[in-house]
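The values are calculated or read from the model by the stated rules, or taken from the named source; none is laboratory data. Not measured: the values here are computed from a predicted model. Positions of Cβ are generated from backbone atoms using ideal geometry, with glycine treated the same way; all protein chains shown enter the neighbour counts. Ligands, DNA and RNA are excluded from the accessible area calculation, which covers all protein heavy atoms including side chains. Shrake-Rupley method; radii C 1.70, N 1.55, O 1.52, S 1.80 Å.
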Amino acid sequence: EITFLSSSSANEKFSLCAGVKQGITGVYIDDDGSLNPSGGGKPGYIISSEDKVPPYSTTALCSSMGDGTCAKYCTGDCLRIAKLVLSVHDTKDSKVLSVDKSDPTRPVELKGELRGGNAQQDFWGARHSFQAIALPNRVFQLQVLDKNNQPMWPKVTELVYGAMPSCGSVLKSAELVTPSADQCLELIEQGSFREGVMSTEGWYHSGGGILVEKFEVFGVSLATSPRRGSFINGPVVFLDTRCIARVGDVIEFVSKVGLVDENGGRSALCDPSSHNTVMRCPSASIVIGRSGHKDASYWDFAQVRGNWSLTGWNTISGSIEIDEAMVVADSMAILITRCRKTVRIVINDISVKVRQQDIRCRELIRNGSFQNAGMTGWSLMGESVKSIVKDGVLHLSGRKQWYYGLAQILNPSCFSVGTQLEVHAKLQLVGKEGFVVCEPGRLYLTVDSCPNMSLRIQDQNGTESFFEIGRTVGPYKKEEWNIMYGIFTVTKEMVESKRLLFYINRAWDNININLSSIKMIPATANSFGLRNCSQLIRNADASHENTAFWAVNGASATLSVTYIGVHPYFHFVHRTEWFHSIFQDLDKTCLIAGSVWKLEASIRLSDSVSRESYQCEKQCVTQKCLASIGRCPWFQLTLERPGKKDFVNLWDENLDQWRKQDFNTVVVKSFIIKESLLEYNNIYLAITGPKGGIDMIIDYIKVTRVNMEGAA
């Protein structure tokens, strides 16, 4: 608010003369009547003396504001400013027309500031033009035309309204006309760079610059400039927002990626398993903008997975489900950033597609509650199997084989590679005499095996493969509802399968299964059992009061949860041999050659008969000692590939004497991953060693990342 002395002359209060001398036109200033030269205080607006009345002002009465003001004061129409802001990215030589929907025969071209220098910039936040028009209380459309006067859709727009004027009724709306998209099959117009394709057109950066350059390892590619000022600097591409039109559809991203040092010479290293350290790899993120709203970000929706190669391309891939904020956004950019600033990011063969999801994809498993639809969507596995649905529970009987059970065909098009999903179910087991129990940790099929959840994947040639996705969670409670749970990552084979079958089976023959609440849902950051490359063991202690993700070796051995006071511990009992162990699979994608890991467990031993604490002998090597006293626990790796199984013993490096009454730390301080280890398909870590008849009470088991050999 500005206050003038009552004795001030008009040109002392207000003057546009300096602007007129500089050639500035198109000035429009709303006034509450304080500057009205008539003295009546009637609200109006001020324009330059060189300007005409705004084109849609049909009842305006204008008069000079006085000598030395170079301005006119107008009353009559009540107008409000509508301003359209366009980016540099694709709007050079464009123009904007305003159309009164009540009289569309007289379009008016918007006037405004054209920042010509910005037209040459490739910084993603640069703005090209600010075009505005004062509009009355009617409905208008704004249309952007390219240099050939054809309708176009800018990659970035921002429609901003001026402040509410003082005069009364105001502009109802000014909507931006959206021409239909030419195609939405591939959203990256220039995604491949080769000899002869050296332009950065269509690409921008979030700081530091970009260029197309030829590299020894990668050939001609798009890259960041030699000096990135921040880890957030990197290539940026804008998507056509018309193609982001339906909530629930999926954006799929894939790009080749590499790193080179600042001089563009040597290929540089990063660690795909490290997300919070300086050695993290580049990732793809989405940033959306919307007029009048704060930008929203979707960080790291696509990442590098597996081992990082220094001698060739790596791949960033991932997908994200379109939400309501994305659908109404005025702009959507993908940033390839978030690695240390001392390296250059190199990319090529970038692709972004939108995959439409069938309405059925809203529930990946249909009718999992069995409430109103009976067996709809489900089929029985086994000719003798019978089913009854009652009160939301499916009762399976007549199972003459362990592999008889329940199945449902899934829609592969509902799945996206790299997505993590949870699977849930409730179950009870019933025998001839009533409820029975099973051993959830029994990985291999036995008479007390528990059911599990799996996928049968048939490829386009008819070849089938099987993938376990969830197990029964222990400890199993005989007459209660028990939980089946798992979390898995969708693979390319699942998405491209000819037939994808979800099924539940594996309880021993002639055991009836009651099932309820079967569902498959997207995992979240808080999902139990997410893979974590900083700590490889899932459910590392008994704080969740269950034994999920652990398996046991030993025909009679079982894993449960016990309590000392109120504190829960894993309790491994009924071991009859020294090699009876608990074990868990390790995520091989985290095990990069050269990475260093620390293995640690806290264990107490007890005699399975007397229940008294037990003291083992760490240096026990003779047969007599092994048979009488027995060694203390150690770690063991089981390595599997087709036709071969190998074992690697990792001996305890804690040389302190075993304390009988206490928990003892078993530790391997520095285990380095060798290339030969990664040749195996499956890698399991076990705790083994005490002689048969000795139980283990386990506080925790951890496998944590120490560092990366050779990392700078």
- Query: Taking segment 274-298 on its own, how many of its residues are of a type outside the set (G, A, S), under 23 Å from F238 (Cβ atoms) and modelled with pLDDT of 80 or more?
  - Reply: 5
- Message: Checking the structure you have, find out if any residue of segment 446-461 is in contact (Cβ under 8 Å) with a residue 60 or more places away in the chain and surrounded by 17 or more Cβ atoms within 10 Å (Cβ to Cβ).
- Response: yes
- Task: Check segment 682-699 and report whether any residue there is of a type outside the set (F, W, Y) and open to solvent by 70 Å² or more (accessible area, probe 1.4 Å).
- Result: no
- Mind listing whichever residues of segment 503-562 are under 19 Å from E439 (Cβ atoms) and among the acidic types (D, E)? D509, E545
- Message: Among the residues in segment 610-625, are any at pLDDT below 95, in contact with a strand residue (DSSP E or B) (Cβ under 8 Å, 6 or more places away or on another chain), among the hydrophobic types (A, V, I, L, M, F, W, C) and surrounded by 19 or more Cβ atoms within 10 Å (Cβ to Cβ)?
- Response: yes
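Return yes when K341 is more than 18 Å from V250 (Cβ to Cβ), open to solvent by 40 Å² or more (accessible area, probe 1.4 Å) and not acidic (D, E) and no when it is not.
Values: more than 18 Å from V250 (Cβ to Cβ): yes; open to solvent by 40 Å² or more (accessible area, probe 1.4 Å): yes; not acidic (D, E): yes.
Answer is yes for this residue.
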- Task: Give me a count of the residues in segment 558-589 that are out of contact with any strand residue (DSSP E or B) (no Cβ under 8 Å at 6 or more places or on another chain) and not aliphatic (A, V, I, L, M).
- Result: 6
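The rows are residues; the columns are (1) aliphatic (A, V, I, L, M); (2) over 22 Å from the mean Cα position of the chain (by Cα); (3) modelled with pLDDT under 85.
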{"position": "A174", "(1), (2), (3)": "yes, yes, yes"}
{"position": "V177", "(1), (2), (3)": "yes, yes, yes"}
{"position": "E189", "(1), (2), (3)": "no, yes, no"}
{"position": "S192", "(1), (2), (3)": "no, yes, no"}
{"position": "V220", "(1), (2), (3)": "yes, yes, no"}
{"position": "C243", "(1), (2), (3)": "no, no, no"}
{"position": "V254", "(1), (2), (3)": "yes, no, no"}
{"position": "G258", "(1), (2), (3)": "no, no, no"}
{"position": "N263", "(1), (2), (3)": "no, yes, yes"}
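Conditions (1) modelled with pLDDT under 95; (2) closer than 23 Å to K519 by Cα; (3) in a strand (DSSP E or B); (4) aliphatic (A, V, I, L, M), marked per residue:
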{"residue": "Y403", "(1), (2), (3), (4)": "yes, yes, no, no"}
{"residue": "V417", "(1), (2), (3), (4)": "yes, yes, no, yes"}
{"residue": "E422", "(1), (2), (3), (4)": "no, yes, yes, no"}
{"residue": "Q428", "(1), (2), (3), (4)": "no, yes, yes, no"}
{"residue": "L445", "(1), (2), (3), (4)": "yes, no, no, yes"}
{"residue": "L455", "(1), (2), (3), (4)": "no, yes, yes, yes"}
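Does T524 qualify as being touching a Gly at 6+ places or on another chain (Cβ under 6 Å) and either more than 14 Å from L427 (Cβ to Cβ) or of a type in the set (G, A, S) (or both)?
Values: touching a Gly at 6+ places or on another chain (Cβ under 6 Å): no; either more than 14 Å from L427 (Cβ to Cβ) or of a type in the set (G, A, S) (or both): yes.
Judged against the criteria, T524 is not a match.
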- Evaluate the following for N514: is it out of contact with any helix residue (DSSP H, G or I) (no Cβ under 6 Å at 6 or more places or on another chain), without any contact (Cβ under 8 Å) to a residue 24 or more places away in the chain and farther than 18 Å from S454 by Cβ? no
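Can you pull out every residue in segment 15-40 that is in contact with an Asp or Glu (Cβ under 8 Å, 6 or more places away or on another chain) and without any contact (Cβ under 8 Å) to a residue 60 or more places away in the chain?
So in segment 15-40, the residues in contact with an Asp or Glu (Cβ under 8 Å, 6 or more places away or on another chain) come out as 20, 25-27.
Residues satisfying the conditions are V20, V27.
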